[in-house]
Each structure stands twice: as structure tokens, then as C-alpha cells.
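A short worksheet on the structure shown next.
The values are calculated or read from the model by the stated rules, or taken from the named source; none is laboratory data. Just so it is clear, the structure is predicted and the values come from calculations on it, not from any experiment. Please note: Cβ atoms are built from the backbone with ideal geometry, for glycine as well, and neighbour counts cover all protein chains shown.
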Amino acid sequence: MSTAVARRGGAKVVRGGKGKQGAAAPRKGSVFGGGPAGKDKLFAAAKPDNSEESDSTDAVSSSDEEERWKESKHTNDVPSEYWHIQKLVKYMKAGNQTATIVALCCLKDHDLTTQMNQRAIQDCGGLEVLVNLLESNDLKCRLGALTVLSEVSSNLDIRRSIVDLGGIPLLVQILSEPGRDLKIMAAETLGNVAKVRLARKLVRKCDGVPRLVDLLDVPIR
């Protein structure tokens, strides 16, 4: 379409043509319009969807509550003897010789062949204390520690722990000492721990086999 341009009174007038189309006015009720409906839709589009986040939060909180409930139930199922044994081990850790001897005597009164009592000693670091007592200068402490170790070493996990704590060389060394009762308890403990392959290897390296053979000649009175 042609456009005629005329000058009238010094002013430029455009006729018969299509002028430049301006921006279209927003429709009423559109998202970008100024009406209330547009504002509501814009707010709804900008509002984050927290439904998934709330669901995941509820799931995590419920799982945490379930775990706490299981732990409390497990704690209630633990017998009082378990906690008593752990208290005795704490007395042994105190370093007082008298308290250690008394704690060992009380510990021997418990049935140390049950898995729960063995676990009580193991959970609070009692095995490390018992192995360290094998190097004590007090005969009663060493004998008490050997008595406990000979009973709890029926457990496979405890046997491995004794090996890892370096108990094999100490037990083999006791076989050469003059104390008869010490030798008996050390040999019995070695008999249990030697069911682990690594323990048997360490016994051979520490010359434990000849010492065990020498014990066969000890008269029993």
C-alpha cells in the first residue's frame, strides 16, 4: 500500500498508510495483566512447591523416631548384668591395684561364657585392659586377667581381638615363668585363641610350641 506524504502548514502528515503498530494492551485477566486474576496467577506461578520437600522431611523425621524407638527398646532389653560388668571394667581402668583386683574377682563371679556378658567386656574396651594386665608385676592381677581371658576366649571375635591386641607373645612368655597357675591359665587361653590361623602362626614364631611341649612334663599335684 502506497503512502502519501503531504506537507500542510510546515507539518508532515502521513495519510493512507499503515502506521507503526504499538504494543498490544494486555488482556484483562491474563497473567501479566493488571487485574486481580492476573496477580493471583502470577503469585501462584512464583510460589514454590513445597509438597515434595515436606513429604521427604516427614519421612526422615519418622525414620529417626523409629530408630530412636528401636534403640530405646534395645536398651531396655539389655540385662542389668551387662551394665554391672561394664562398671567393673571401669574400675579396672582406674589404675588402682586394689580396685583392679577386687573388680577382677567380681568379674569372675559372672558367667563369662554367655554372649551378652562377653559383649559387655568387649564393648567398653575390657579386652585391652585384660591384655595389658598380663604385663603387670602383681601376680594376682595377672592371674585374674588370665582367668577371665580363658573364659571369654571361647568367642571367635574375642579370639581375633586378643590376637590384634598383641596377646599371643605375652601368653607365650608366661609359659616360661615359674608360676604353675599362671602357666595353666596361659596354656588354656592359648588353646582357645590358637583356633584362629593367625594365632597359630604367631605361636610358632614366638617359640610357643616347644614351651607347650615342656608343660607336658610338669607333674600335676
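Has segment 116-137 got at least one residue that is over 22 Å from N96 (Cα atoms) and crowded, with 19+ Cβ neighbours inside 10 Å? So that I can check it myself, show each step before the final result.
Residues of segment 116-137 over 22 Å from N96 (Cα atoms): 116-119.
The next check asks that each one be crowded, with 19+ Cβ neighbours inside 10 Å; those that pass are 117-118.
There is at least one residue in segment 116-137 that is over 22 Å from N96 (Cα atoms) and crowded, with 19+ Cβ neighbours inside 10 Å.
Taking helices (runs of 4 or more DSSP H) that do not extend beyond segment 103-163, which have at least 2 residues that are over 25 Å from K201 (Cα atoms)? Spell out how you get there, then give the answer.
Values: elements: 115-123, 126-133, 139-152.
Fully inside segment 103-163 and qualifying: 115-123, 139-152.
Can you tell me which residue is surrounded by the fewest Cβ atoms within 10 Å (Cβ to Cβ) among those in segment 196-209 that are touching a residue at least 12 places away in the same chain (Cβ under 8 Å) and either of a type in the set (A, V, I, L, M, F, W, C) or out of contact with any Leu (no Cβ under 8 Å at 6 or more places or on another chain) (or both)? Spell out the reasoning first.
Start the filter on segment 196-209 by keeping residues that are touching a residue at least 12 places away in the same chain (Cβ under 8 Å), which leaves 196, 198-199, 202-203, 206-208.
This time we only want the ones that are either of a type in the set (A, V, I, L, M, F, W, C) or out of contact with any Leu (no Cβ under 8 Å at 6 or more places or on another chain) (or both), so: 196, 198-199, 202-203, 206-207.
On the way: V196: 17, L198: 14, A199: 22, L202: 20, V203: 20, C206: 16, D207: 12.
Filtering segment 196-209 for residues that are touching a residue at least 12 places away in the same chain (Cβ under 8 Å) and either of a type in the set (A, V, I, L, M, F, W, C) or out of contact with any Leu (no Cβ under 8 Å at 6 or more places or on another chain) (or both), the one surrounded by the fewest Cβ atoms within 10 Å (Cβ to Cβ) comes out as D207.
Could you tell me which numbered condition E188 fails, if it satisfies all but one of (1) over 17 Å from L112 (Cβ atoms); (2) among the charged types (D, E, K, R); (3) within 34 Å of the chain's Cα centre (by Cα)?
Answer for E188: the failing condition is (1).
Going residue by residue through segment 166-176, is there one that turns out to be in contact with a Cys (Cβ under 7 Å, 6 or more places away or on another chain) and surrounded by fewer than 20 Cβ atoms within 10 Å (Cβ to Cβ)?
Pass one, segment 166-176, residues in contact with a Cys (Cβ under 7 Å, 6 or more places away or on another chain): 168-169, 172.
Cutting the leftovers down to surrounded by fewer than 20 Cβ atoms within 10 Å (Cβ to Cβ) gives us 169.
Yes - at least one qualifying residue is present in segment 166-176.
In the list K93, K140, K183, which residue meets the criterion of being farther than 22 Å from D214 by Cα, modelled with pLDDT of 90 or more and in contact with a helix residue (DSSP H, G or I) (Cβ under 9 Å, 6 or more places away or on another chain)? Quick ask: steps written out before the conclusion?
On the way: K93 fails: modelled with pLDDT of 90 or more; K183 fails: farther than 22 Å from D214 by Cα.
Of K93, K140, K183, the one residue that is farther than 22 Å from D214 by Cα, modelled with pLDDT of 90 or more and in contact with a helix residue (DSSP H, G or I) (Cβ under 9 Å, 6 or more places away or on another chain) is K140.
Spot the failing condition for L216; the list is (1) modelled with pLDDT of 90 or more; (2) surrounded by fewer than 22 Cβ atoms within 10 Å (Cβ to Cβ), and only one is missed.
(1)
Pick from L202, L175: which is among the aliphatic types (A, V, I, L, M) and out of contact with any Lys or Arg (no Cβ under 7 Å at 6 or more places or on another chain)?
On the way: L175 fails: out of contact with any Lys or Arg (no Cβ under 7 Å at 6 or more places or on another chain).
On inspection, the qualifying residue turns out to be L202.
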